[in-house]
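Engineer: The structure follows.
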Amino acid sequence: MERDVLVSEDAAAAASAASSSSFAETRVICRVCQKQFAQYTCPRCNSRYCSLTCYKGHSNQCTELFMRENVTEELKQIQPEDESKRQMLDILKRFHLEDEMESDGEDESMFSEELIQKVISGDGINLEDLSDDEMKRFRQALASGELSKMIQPWTPWWKNPAAKSISLSHDGSQLIRKVSTDVTISDPTTASESIISEIPKGPESPLPSLKQLTRAEPSPLLTVHLVDILYSYCFTLRFYNGDWHSDPFGASTVALSMSKVMGEDAKPETVSESLTTCIEETCSPVYRHTGGFRFAIGLVDDIVTILSLGGNALVCALCDFRRLIQAGEGMLKEEKVGKTERAQSSQKLRAADRKLFFITCWAHEQPVDTWPSLAHLVEVQKASLEELDNRSGLRKAGRKDNRQSKVLIEEV
């Protein structure tokens, strides 16, 4: 194939016009440098050039005009995007402003004046008393955690310094207490808080001896079962922020679900087994929202505290737990459940009541040095569980690091 090299654009145009069917390939010399073949064409003046340097030098006016048009076109494309951003910012500002106004309105009047007056007068309200708008606001406050900020954290009675000086009679019954005249019973809020925060009363009547209850020797595993029962007691009180009186049946149901000794007649043989079972239940999907493992470790600390207070505090705690179970059984009649379920729940609650009474009588007869020793054993198991949890976390992190290292090695 022949090649005709044309040094001028006019000659190239004439050759191409001469014969459209010619097989000759024409190549044009760069108009700027006159040295290299032209590979490009200016979009404005159609001048042929070979490189960017020659393009910039072929015509300053043409280059500036071309760049100006490109920038203008680019600005036209950018402006709508910036405008849309400004519109979105305006929308977000209006949204947050409306949200703040609604929040202020909710703070001022989440409930109607009628409901507020009903609460002030001491009457209880149910969810059925709320309107659709009030129910919506209530659920929003519940989901956002705003309601939890309104609840004063409960201080367990076993953290009260007065719990260190609990006194009971020799037969286990409570001593006569001086009635305080500082708290007026006319204020339902104050009365409720005093009920929650005060140290629970001991047995109202003398405790019988174990020989009167059974001829057999008490099981040596009762100390292990006591750990399970105390864990359930502390969990239930903290779960209800100390106020189990507001829902006795629900509280008793929670207690039986947490205590395998009372709820399922389980017989753990070691303190470790007893604590592990309780902690597993605490970390289950049902109760995971309470705080998981760290919350469970806090409950183990509560057990240690109660045991360290001595036998009298322990008897008061077991009596309080028994009153909770009895109140739940009393409220069972008002619950809307089937006959079969009611009968099964009643049977479980009665069995738990009897078991609590027996272990209360047993605890009353134990030597004084029993409880510090058991508290120390629980502390040792707590440290062991925390160490296992730390090792598990390190193993998980190690496996994750190993997987990442393998991926990096494979990529390299």
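The values are calculated or read from the model by the stated rules, or taken from the named source; none is laboratory data. Quantities reported herein were computed from a predicted structural model and do not represent experimental measurements. So basically every Cβ, Gly included, is an ideal-geometry build from the backbone, and we count neighbours across all protein chains shown. Ligands, DNA and RNA are stripped out before the accessible areas are found, and what is left, the full protein with its side chains, is counted by its heavy atoms. Shrake-Rupley method; radii C 1.70, N 1.55, O 1.52, S 1.80 Å.
Engineer: Could you pull out every one of the helices (runs of 4 or more DSSP H) wholly within the stretch 264-331 that has 1 or more residues that are among the aromatic types (Phe, Trp, Tyr) and open to solvent by 10 Å² or more (accessible area, probe 1.4 Å)?
Structural biologist: So the answer is 292-309.
Engineer: Restricting attention to the stretch 308-361, report how many residues are at pLDDT 90 or above, small (Gly, Ala, Ser) and under 32 Å from the mean Cα position of the chain (by Cα).
Structural biologist: Residues meeting the conditions: 5.
Engineer: What about Leu349, is it surrounded by 19 or more Cβ atoms within 10 Å (Cβ to Cβ) and either more than 25 Å from His245 (Cβ to Cβ) or touching an Asp or Glu at 6+ places or on another chain (Cβ under 8 Å) (or both)?
Structural biologist: Against the criterion (surrounded by 19 or more Cβ atoms within 10 Å (Cβ to Cβ) and either more than 25 Å from His245 (Cβ to Cβ) or touching an Asp or Glu at 6+ places or on another chain (Cβ under 8 Å) (or both)), Leu349 qualifies.
Engineer: For the stretch 252-260, does any single residue satisfy the condition of being buried (at least 22 other Cβ atoms within 10 Å of the Cβ) and outside any helix (DSSP H, G or I)?
Structural biologist: Yes, the stretch 252-260 contains a residue that is buried (at least 22 other Cβ atoms within 10 Å of the Cβ) and outside any helix (DSSP H, G or I).
Engineer: Something else: Does the stretch 204-243 hold any residues that are touching a helix residue (DSSP H, G or I) at 6+ places or on another chain (Cβ under 6 Å), assigned to a loop (DSSP other than H, G, I, E, B) and over 15 Å from Lys355 (Cα atoms), and which are they?
Structural biologist: Tyr240, Gly242, Asp243
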